[in-house]
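The structure appears right after this line, and notes come after that.
The values are calculated or read from the model by the stated rules, or taken from the named source; none is laboratory data. All figures in this text were calculated on a predicted structure; none of them were measured in a lab. Note: areas computed on protein heavy atoms with side chains; ligands, DNA, RNA excluded. Shrake-Rupley method; radii C 1.70, N 1.55, O 1.52, S 1.80 Å.
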Amino acid sequence: MEYIETTITEHIRNQAFREGEVKGEVKGEAKGEAKGEAKGTLKGQLLLCQQLYQQGLLSEDKYKSMTESLNQQLRALQRSKPGND
């Protein structure tokens, strides 16, 4: 009888562990995708600012203030978690 109880207990413990792993992987993937999207958006905005500046549609002061803010956001995003992309 003890053997069956131990096996059931181990099964329950292992099942909970596997479910926890799956939930952790899904949560990690979702965070990674969101972080990747945010990085892509910021890089796109930086590129757009650069193009507008090169075309003479943005003043140098405006360009610097906009890109400084975007670069700060990008650095903060990259520092936010270990395993930076």
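The table that follows gives values for the structure above.
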{"item": "Failed criterion for Q78 (all others in (1) assigned to a helix (DSSP H, G or I); (2) modelled with pLDDT under 90; (3) open to solvent by 100 Å² or more (accessible area, probe 1.4 Å) hold)", "result": "(3)"}
{"item": "In region 14-57, the residues that are more than 14 Å from Q73 (Cα to Cα) and hydrophobic (A, V, I, L, M, F, W, C)", "result": "A16, F17, V22, V26, A30, A34, L47, L48, C49, L52, L57"}
{"item": "Criterion: more than 23 Å from the chain's Cα centre (by Cα) and in a helix (DSSP H, G or I) - qualifying residue of T41, T9", "result": "T9"}
{"item": "Number of the exception - Q55 against (1) modelled with pLDDT of 80 or more; (2) open to solvent by less than 80 Å² (accessible area, probe 1.4 Å); (3) of a type outside the set (F, W, Y)", "result": "(2)"}
